[in-house]
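Data first, discussion second: the structure below is written as structure tokens.
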Amino acid sequence: MIKNIFFDRDGVINNVVIRDSRVESPRSIKEFSVKEDFLKFYDQVQQKDIKLFVVSNQPDISRNLMNNHELELMNDVLNSRFNFAEILYCKHDDKDNCTCRKPKPGMLNHLIQKYKLKKHESIFIGDSWKDMEAGKSAGIKTVFLSQPYNSELGLKTDYVVSNLFEIIHLITGV
Ligand SMILES: [Mg+2]
Ligand SMILES: [Zn+2]
């Protein structure tokens, strides 16, 4: 039975942004929109006794492509609409060599320890190989959300789904 769900943010909770035909993250609150799929999924799982977390790489902060204020505005949207136990961001880039930037499991490990979560009751849902690697390194189950922009062949994940409802049975147990 799943009691803790970690979500990647961009592409799972909110829509990605297509910029010059590249798939990227929103850089301003104007570009930030929550996915319908997530809204419906959330409404089903939030009634259960399940802790929800967000762990998100936001390297555009380090790259000076987005400022903290815009990220805070997006965070305000999440906190006003949803009840996440905690939302963590890694604002670093590869060169910073931090321990939190996915595919490293730093953010997941931190939350697992802080909230004393059982790993076998925890899943991480993401749309990138970095999410899957991070989840695997943290020792929890991984769910790859397959989207038109991200078919990543050869990924080792516990589940591959094309919408969040395909894993609802893991959470509700039916
Ligand atoms: Mg993502
Ligand atoms: Zn970091």
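Using a Förster radius of 35 Å, what is the FRET efficiency between His120 and Val34 based on their Cβ-Cβ separation? Nearest 0.05, please.
Efficiency at R0 = 35 Å is approximately 0.75.
In debye, nearest 20, what is the charge dipole magnitude of segment 55-173 about its Cα centre with +1 on Lys and Arg Cβ and -1 on Asp and Glu Cβ, if you could check?
480
Which chymotrypsin sites (Phe, Trp or Tyr not before Pro) from segment 63-117 combine a DSSP loop assignment with at most 16 other Cβ atoms within 10 Å?
When the chymotrypsin sites (Phe, Trp or Tyr not before Pro) of segment 63-117 are filtered for loop state and at most 16 Cβ neighbours within 10 Å, Tyr115 remain.
Could you give me the radius of gyration and the Dmax of segment 4-172, taking only the C-alpha atoms into account and expressing both in angstrom?
15.0, 43
Taking amide H positions as placed in the peptide plane 1.01 Å from N, state which residues far from Val160 in sequence (5 or more) or on other chains have amide H under 5 Å from it.
Phe144
Every number in this text was worked out from the coordinates using simple rules, so none of it is lab data. It should be emphasised that the depicted structure is a prediction, and the values quoted were computed from it without experimental measurement. Note that we place each Cβ from the backbone using ideal geometry, even for glycine, and neighbour counts take in every protein chain shown.
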